[in-house]
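For reference, the structure discussed in these notes is given below.
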Amino acid sequence: MTSITKARNLAGKVVLVRVDFNVPIKKKKVLDDSRLLASLPTIQYLMKKGAKVVLMTHIGRPDGKIVASLKVDPVVERLSELLKKKVKKLETENWRLTDAKKVSLLKEINNLRPGQVAMMENMRFAKDEAKDTGTLSQELATLGDLFVLDGFAVAHRSSASVSGIPKYIKGYSGLLLTKEIAGLTRVLHDTKGSFVAVLGGAKMETKIPVMKNLVEKADALLIGGGIVNTYLLAKGYKIGDSLVDKNFQLPSLTYCKRKNVIKPLDVVVGTKDGKKVRVVKIKKTPHEVCKKGEGIFDIGPETLRLYATYIKDAKTLVWNGAMGFFEQKPYDVATLTIARLVASRSKGQAYGVIGGGETLQAMDMVGMTDDIDLVSTGGGAMLEFLAGEILPGIYALNQ
Ligand code: 3PG
């Protein structure tokens, strides 16, 4: 990938920047602006160079329909505050434009002042956004001189504004994308000393490919959440109403039997509302862990002590996914403890990387986000990268 810092003569050029400002919005206000903050360096860099900056993002999954609650206006407002400069909103909600309207949009963009920032409407209001081979990619490309992909969090989607535009105009990586790829590449290909990955969460279809790749690279893979439950079910343990994905029993057995996959010695069971809570040891031969109406909601204290010994020796640390149902007390203990352990070891003794919605939320709850070396903005994108997959957005920049 060529970094945008390598592009010369940006002054007066129209730079199309695909960011990922897919942020939670309530009552027309942005609830979490961390993805905006993460892309500020790229936007400010381009402003300083005198480029005309045209931002594109998606919000939610409107799938080609115009959804009022998913318009970008709250993002435009918050970004204007952060930049201390008004961001111009481009009215592009309907991409089935007549030629005359397209020409007037082009003029509006060209009329931006050097250093001015504008933003298009939610890209997913356009039907063609979902593919990078349609006419939208070409039409978007005609609006700019060059393209920058900065939204790492959307780099795993092949869509017009992500992997489509750089098929027609030169594409560069933004500062955020460059930083995230460098950090995650270091984890996969340049680890020194013990590499420990902590993997939890619920969505097995995204976790199993990561296990498949990391089991070959990590010294220890510490598991929690749905991976543990699915594995125990596959082994024949009775686990009541624990969250499982029955379709992934076989792969969970395949990977969990590897020596470097460290499994819980005990779990915390109870009812979903945090009652009837007790610790149950996992014995070698399958047995009843909990009854119907109950579930496994956390890893146990003995497991946590065991996992801590690995984390305390790590030189590279990656964490994605909660250890249990941490939204409900007392099932938050292991997830928040893992957050503290990972953060305490990072920035110094180990290179620490975290990513994924609930992982970031847990780190925020313990107030230690600033102690992490790389806080990835990507959930799905980070997992696909860690699974060793080629992300379409990054692939397109390399063509
Ligand atoms: C995310 O929040 O993970 C990204 O914005 C991608 O969103 P998507 O899963 O709807 O493509």
**Prompt:** Roughly how many Å is it from the Cα centre of segment 195-213 to that of segment 255-286, as a whole number?
**Reply:** 17 Å
**Prompt:** How high is the relative contact order of the chain, in percent, counting Cα pairs under 8 Å that sit 6 or more residues apart?
**Reply:** 16 percent
**Unit charges on C-beta of K, R, D, E only; dipole of segment 191-386, Debye** = 860 debye
**Asked** If packing is taken as the mean number of other Cβ atoms within 10 Å per residue, what is the order of 182-195, 163-176, 208-221, highest first?
**Response** 163-176, 208-221, 182-195
**Complete:** Once amide hydrogens are built 1.01 Å from N within the peptide plane, the residues lying 5 or more places from V148 or on another chain with amide H under 5 Å from its amide H are L16, V17, R18, Y172
**Request:** Loop only per DSSP, at most 16 neighbouring Cβ atoms within 10 Å: give me the GluC sites (Glu not before Pro) in segment 47-91, ordered by residue number.
**Result:** E91
**Asked** What FRET efficiency, computed as 1/(1 + (r/R0)^6) with R0 = 45 Å and r the Cβ-Cβ distance, is obtained for E216 and R96, rounded to the nearest 0.05?
**Response** 0.40
**Item:** Three-way shape call for segment 112-194 based on the alpha-carbon gyration tensor, with the a/c threshold at 1.5
**Value:** prolate
**Request:** Report the equivalent ellipsoid semi-axes for the chain in whole Å, largest first, defined as the square roots of five times the eigenvalues of the gyration tensor built from alpha carbon atoms.
**Result:** 43, 21, 19
**Prompt:** What is the magnitude of the charge dipole of the chain about its Cα centre, with +1 placed on the Cβ of each Lys and Arg, -1 on the Cβ of each Asp and Glu, and no other charges, expressed in debye to the nearest 20?
**Reply:** 100 debye
**Message:** On a straight-distance basis, which lysines could pair with K257 in a cross-link, Cα separation under 22 angstrom, same-chain partners fewer than 8 positions away excluded?
**Reply:** K203, K207, K212, K217, K235, K238, K246, K281, K283, K284
**Asked** Which of the peptides 235-247, 103-115 is most tightly packed, and how do the rest follow, going by the mean number of other Cβ atoms within 10 Å of each residue?
**Response** 235-247, 103-115
**Request:** Mind running the shape call on segment 254-399? Use the C-alpha gyration tensor, a ≥ b ≥ c as the square roots of the eigenvalues: rounded below 1.5 for a/c, prolate if a/b tops b/c, oblate otherwise.
**Result:** prolate
**Message:** For a quick check: with amide H placed at 1.01 Å from N, whose amide H comes under 5 Å from M119's, ignoring anything fewer than 5 positions away on the same chain?
**Reply:** L55, K88, K89, L90
**Prompt:** Based on the Kirkwood radius over alpha-carbon pairs, what is the Stokes-Einstein translational diffusion coefficient of segment 4-178 at 25 °C with 0.890 mPa s viscosity, in µm²/s?
**Reply:** 155 µm²/s
**Fill in**
Checking rank on 280-292, 311-323, with mean other Cβ inside 10 Å and highest first, the result is 311-323, 280-292
**Request:** Hand me the trypsin sites (Lys or Arg not before Pro) from segment 24-54 located in a DSSP loop with no more than 14 other Cβ atoms within 10 Å, in residue order please.
**Result:** K27, K28
**Message:** For segment 23-120, what does the convex hull of the Cα positions come to per residue, in cubic angstrom?
**Reply:** 93 Å³
**Complete:** With N residues in segment 130-273, Rg(alpha-carbon) / (2.2 N^0.38 Å) equals 1.40
**Request:** Quickly estimate the mean residue ellipticity at 222 nm for the chain, helices only: each DSSP H run with n ≥ 4 gives -39500 (n - 2.57), and the total goes over all residues, rounded to 500.
**Result:** -10000 deg cm²/dmol
**Asked** How many percent of DSSP beta bridges within the chain run antiparallel, rounded to 5?
**Response** 20 percent
**Request:** Two decimals is fine: what's Rg over Rh for segment 193-324, C-alpha atoms, Kirkwood radius as Rh?
**Result:** 0.95
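Readers should treat all values here as calculations from the given coordinates under stated rules, not as data from a laboratory. The structure presented is a predicted model; accordingly, all values stated were derived computationally and were not measured. Glycine also receives a Cβ, built like all others from the backbone with ideal geometry; neighbour counts cover every protein chain displayed.
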